[in-house]
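Here the structure is laid out as structure tokens; the discussion comes afterwards.
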Amino acid sequence: MSSIATIGVYGFDRDSFLQALTDADIGLLLDVRQRRGVRGSQYAWANARRLQAALADAGIGYTHLKELAPTTELRQLQYREDERLGEGKRARTVLAPEYARRYTEEILDRADLGSVVQWIGKSSAALLCVERDPEACHRSLIAARLRRDWDFTVEHLRPG
């Protein structure tokens, strides 16, 4: 049985992030962000070039799966819902139902996850985005699809 983990950037620093991946025996990080940067000096380590260098030093592979990233339009839809709920992106607790529906229909249903599954193979991989909680991020939708269609086990890595 294959496994997939999910991890966000928020709540981690560079060292605790790498430690979480190492502790979970992750060999491959699958970046599903549209933009591979994070605002704020606290998370500069998670910008693509720095993150890739840190992962390489830790012996962890990296790839960007832009085809699984939400579109700008979908992100804006979620931001409007965050504003309505009075939550910021870093404090988000749940995905907007319309966002989840549209992400599933417009991106996940059209994605070739079979090739991703083959590429992962027997390695232990993790889906990366920025949100702390998987329930507040599209990576949980991808992980749920892998569980449903390919019998993956799913582990959500969280800070602290």
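Report the extension gain between residue 35 and residue 15 in nm, rounded to one decimal, defined as 0.36 nm multiplied by the number of residues separating them, less their alpha carbon distance. Could the numbers behind the result be given before it?
On the way: separation 20, 0.36 × 20 = 7.20 nm, distance 2.20 nm.
Result for the pair: 5.0 nm of gain on full extension.
Using the 10 angstrom Cβ neighbour count as an exposure proxy, how do 138, 156 rank, fewest first?
Details: 138 27, 156 18.
Ordered by Cβ neighbours within 10 Å, fewest first: 156, 138.
Post the alpha-carbon centroid distance, segment 90-125 to segment 1-75, in whole angstrom.
15 Å
How big is the charge dipole of the chain about its Cα centre, in debye rounded to the nearest 20, if each Lys and Arg gets +1 on its Cβ and each Asp and Glu gets -1 on its Cβ? If you can, show how the numbers build up before the last one.
On the way: 24 positive and 23 negative charges, 86 e Å.
In total the dipole reaches around 420 debye.
If each residue of separation counts as 0.36 nm, what is the full-extension length gain between residue 71 and residue 2 once their alpha-carbon separation is subtracted? Mind showing how you got there, number by number?
Working: separation 69, 0.36 × 69 = 24.84 nm, distance 2.82 nm.
Between residue 71 and residue 2, full extension yields 22.0 nm more.
Quick one: 45, 150, fewest Cβ neighbours within 10 Å first, how do they rank?
Numbers: 45 18, 150 15.
The most exposed by this proxy come first: 150, 45.
Can you sort 81, 106 from fewest to most other Cβ atoms within 10 Å of each residue's own Cβ? Kindly include the intermediate steps, with their values, before the conclusion.
Values: 81 17, 106 13.
With the sparsest Cβ surroundings first, the list reads 106, 81.
Give the dimensionless ratio obtained when the Cα radius of gyration of the chain is divided by 2.2 N^0.38 Å.
Numbers: Rg = 14.8 Å, N = 160, 2.2 N^0.38 = 15.1 Å.
Dividing the Cα radius of gyration by 2.2 N^0.38 Å gives 0.98.
Please give the contour-minus-distance gain from residue 94 to residue 25: 0.36 nm per residue of separation, less the Cα-Cα distance, rounded to one decimal in nm.
Details: separation 69, 0.36 × 69 = 24.84 nm, distance 2.76 nm.
Full extension of this stretch gives 22.1 nm more.
Name the residue from 125, 65, 141 whose Cα lies farthest towards the positive end of the charge dipole of the chain, charges +1 on Cβ of Lys and Arg and -1 on Cβ of Asp and Glu.
About the Cα centre, the residue reaching furthest to the positive side is 65.
Each value in this text was obtained by applying a stated rule to the coordinates, not by laboratory testing. As the structure is a computational prediction, the values presented were derived from the model and not from experiment. Positions of Cβ are generated from backbone atoms using ideal geometry, with glycine treated the same way; all protein chains shown enter the neighbour counts.
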